[in-house]
Amino acid sequence: MAASDWRRAMNSGSRALAAGPAAWSARPAAAALKPGAGQPVGAAGSTTAAAAPAAMVSASTARQLVVIALLLLYPAMATPFFTFQIGGQTLALGIIALSLTFLAGYGGMVSLAQMTIAGSAGYAMAILGSSAVTQISLGWPWWLAVPVAVLLAMLFATFIGWLSVRTEGIYTIMITLAIGVAYYYLMQQNYSLFNGFQGFSKVLPPQVFGIDWRSPLPFYYLALACALAAYYFVRYLVRAPFGMALQGIRDNPRRMNSLGYHVNAHRIAAHAVAGLIAALGGILLTWYNSLVTPGVVGVTAMINVLIISVLGGLGHPVAAFLGALVFVLLQNFAIDLVDRERFNLVIGCIFLLIVLFSPDGLLGLWRRHGRRLLDAGTRRGP
């Protein structure tokens, strides 16, 4: 299929989807005219139906504006601990989980290597930029080290995608897990380039405009800006022709292949996009910790990203940040209820409950029961 035909087909398809039931019901209504009149029967009905999606879009936009306003005002209502330790860490982990949500939720590809890609961006930035290990770090300026680190992580993600897209299901998971474990041992045992198990310390964000970006308030707003950019980028992409084709490949790759779409090319491109998002989160997480070590790319870290994505739900980009918030809160406050060594038991039990009773995560649970409670409260009235 030619590129022009592909764009024409996808654009016409997206217009039909965007029109929705209102457009489908308007076509027969326009053909049925009242006897002796020049107006179609149901013209008013079609107008009402067309107004319903507009009202839904307006309500969704209003909710997003309220959430963004609350996020912007959050540091004014929170202590520096909650601003940095809870807010900043949640946003950084949420961006990494968002990359897995994009791959699994919209591409049908579960990858355990997203934390590996995020860690590779942190390592590349530490090697190319500045750190306490001056004999290895090259000392490039941040405006050069950060983009090159993101590009290298994207290339690594593309390579992982090239290897894994030829498999499906459990085999894809095992390949990405094997790559992650191999990368972990490479970081741990190589001292000449990756400084072994010690890693790199004092990997700090630059002071731009005289601002210390690792201070709680600046780091939070930096992470928030990156999180909003990643969130709206994914939302735009899944509605673009590429995203619609990717979802079609997720649902029925054989049919999409018969229609002329290159299934593996779309999947590899999805891995590259997810790598870009994970690299952004990895750099923020490295600045948050001010170090990068093999523990950042270990098996536990890889599983944690999967847990965060499943906790929030794979059906919507915002769910990645919801899962990250729950995970960070448990990580910081569950030790007040149980021993530190039992934290993984608590996370495992919550993960099991979510999988059993709400396979679409906490966001799906809210959609099913939260709105029902709100409707019940509205019907009771004041």
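The values are calculated or read from the model by the stated rules, or taken from the named source; none is laboratory data. Because the structure is predicted, anything quoted here is derived from the model rather than measured. So basically every Cβ, Gly included, is an ideal-geometry build from the backbone, and we count neighbours across all protein chains shown.
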In this structure, is Ser258 within 23 Å of Ala240 (Cα to Cα), surrounded by fewer than 19 Cβ atoms within 10 Å (Cβ to Cβ) and of a type in the set (S, T, N, Q)? yes
Determine, yes or no, whether Gly312 is at pLDDT below 95 and under 19 Å from the mean Cα position of the chain (by Cα). yes
Taking the criterion of being over 30 Å from Leu65 (Cα atoms) and not acidic (Asp, Glu), would at least one residue in the range 310-328 satisfy it? no
Among residues of the range 193-214, those that are touching a residue at least 40 places away in the same chain (Cβ under 8 Å), assigned to a loop (DSSP other than H, G, I, E, B) and either among the hydroxyl-bearing types (Ser, Thr, Tyr) or surrounded by fewer than 13 Cβ atoms within 10 Å (Cβ to Cβ) (or both), counted: 1
Can you find a residue in the range 292-299 that is in a helix (DSSP H, G or I), more than 20 Å from the chain's Cα centre (by Cα) and buried (at least 19 other Cβ atoms within 10 Å of the Cβ)? yes
Of all residues in the range 131-155, which are touching a helix residue (DSSP H, G or I) at 6+ places or on another chain (Cβ under 8 Å), touching a residue at least 40 places away in the same chain (Cβ under 8 Å), within 18 Å of Leu291 (Cβ to Cβ) and surrounded by 17 or more Cβ atoms within 10 Å (Cβ to Cβ)? Val133, Ser137, Val146, Ala149, Ala153
Any chance Met174 is under 19 Å from Thr300 (Cβ atoms), hydrophobic (A, V, I, L, M, F, W, C) and without any contact (Cβ under 8 Å) to a residue 40 or more places away in the chain: yes
Count - residues of the range 156-192 that are outside any helix (DSSP H, G or I), crowded, with 20+ Cβ neighbours inside 10 Å and hydroxyl-bearing (Ser, Thr, Tyr): 0
What's the number of the only condition in (1) outside any helix (DSSP H, G or I); (2) without any contact (Cβ under 8 Å) to a residue 40 or more places away in the chain; (3) surrounded by 14 or more Cβ atoms within 10 Å (Cβ to Cβ) that Pro218 fails to meet? (1)
Enumeration of residues in the range 300-329 that are surrounded by fewer than 17 Cβ atoms within 10 Å (Cβ to Cβ), more than 26 Å from Met187 (Cα to Cα) and out of contact with any Asp or Glu (no Cβ under 9 Å at 6 or more places or on another chain): Leu329
